[in-house]
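Undergrad: My structure is below; once you've seen it, I'll send some questions.
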Amino acid sequence: MPAVWRVILAHRNYLIAVLVPLLLLPLPLLVPTKEAQCGYVIILMALFWCMEVLPLAVTALFPVLLFPLMNIMDSTQVCMEYLKDTNMLFIGGLMVAIAVEHWNLHKRIALRVLLVIGVRPALLIMGFMVVTAFLSMWISNTATTAMMVPISQAVLEQLHKSEQEKNSTEHVAENINKAFELQEVPDKSALSQETQKQGKEDVSGLQSISEKISDRNHPAPQLQLIGLDNGYVLTVEEEEKLKTEKQLQEEKHLTFCKGMSLSVCYAASIGGIATLTGTTPNLVMKGQMDDLFPKNNNVVNFASWFVFAFPTMLLLLIVSWVWLQIMFLGFE
């Protein structure tokens, strides 16, 4: 029994958050009036504040959600008691950004896209642009860029490292000097048997054996060869060729890094125009429009903005991808 109480106490906040709203439900259900519904929200907030089930600031935002949901007040009227309607939209987008960053959703999406599109440079840029634009639709442009740039840099470093290892292996395989062969030096017993055999067959063979013994007693001077770490010998021309290839590879990688970094920045700016909460200027424009034209019947809302801006975002994303490919990758 004490173990059960310990479990209940450990999870008391979850139990209160679920049971209290259910126990208070008879009030708005049995008395279907706006006063009863408003009383339900007030009692719920008071109990949550007293028991500290949720952070106090989160409980204070209950009317923003429950009043429009229960048809007590319009969302615009409720938000005006806190901040402007556009500022509340900005706060909602900020909450989504924090949630995405906390659970590493951006990393999961980026890695999944990489598994699908592969590592071709053009497709890699396109994949990062699509992911960045999608995240920027719901998160601010700056936050999206700050989250995606480290991921792109890590991918670029890993690709560069793999390419260096591959090129090094291929170069070594191509430059093996086949003129040098290892031969086992015969020992004394084998040399003696060979001498006896050749002496029986032909006396003239003694002279050649004598020369071999003389060579063993007076070995030729050894040449010190400058080669690679794996023991293969490189000529001067091959070494210069290897340096040139490495330099070209580094320049190509640097150019690709520039294109990738710019693609993330461009995609973040382009994706922000797709939704009303994608970037702060969109909300500022809506706020100014509501102030200048108060009787506009809410013509600019989330849905109408999305219908207009989303196709524009897709068009700009494709054009920028083609432009970056031409500038940094060339025609392939």
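Any read-out appearing in this document is the output of simple, stated calculations on the displayed coordinates, not a laboratory observation. Every value quoted in this text rests on a predicted model; they were computed, and no experiment measured them. Cβ sites come from the backbone with ideal geometry, for glycine too, and all protein chains shown count toward neighbours.
Undergrad: Do any GluC sites (Glu not before Pro) in segment 40-135 lie in a loop, going by DSSP, with at most 11 other beta-carbon atoms within 10 Å of their beta carbon, and if so which?
TA: Those that pass, being in a loop and sparsely packed, are GLU52.
Undergrad: Let me ask something else. Between ASN296 and ARG108, what FRET efficiency comes out of the Förster formula 1/(1 + (r/R0)^6) with R0 = 51 Å and r the beta carbon distance, rounded to 0.05? It would help to have the intermediate numbers written out before the result.
TA: On the way: r = 40 Å, r/R0 = 0.78.
FRET efficiency, ARG108 to ASN296: 0.80.
Undergrad: With only alpha-carbon atoms counted, please give the Rg and Dmax of segment 1-130, in Å.
TA: Taking only Cα atoms of segment 1-130, I get Rg and Dmax of 21.5, 64 Å.
Undergrad: What whole number of Å gives the distance from the Cα centroid of segment 80-98 to the Cα centroid of segment 5-58?
TA: Here the two parts' Cα centres lie 24 Å apart.
Undergrad: Please state, as a whole number in µm²/s, the translational diffusion coefficient that the Stokes-Einstein equation yields for segment 12-82 at 37 °C and 0.692 mPa s, with Rh defined as the Kirkwood radius across alpha carbon pairs. Let's see the in-between values first.
TA: On the way: Rh = 12.6 Å.
Estimated via Stokes-Einstein, D reaches 260 µm²/s.
Undergrad: Continuing with this model, one more query. Using the scaling law 2.2 N^0.38 Å as the reference, what is the normalised Cα Rg of segment 69-160?
TA: That ratio works out to 1.44.
Undergrad: Additional query: Which of the pairs LYS161/LYS252; LYS161/LYS246; LYS107/LYS246 have their Cα atoms more than 23 Å apart in this structure? Numbers along the way, then the final one.
TA: Working: LYS161/LYS252 13 Å; LYS161/LYS246 12 Å; LYS107/LYS246 31 Å.
Where the Cα-Cα span goes over 23 Å, the pairs concerned are LYS107/LYS246.
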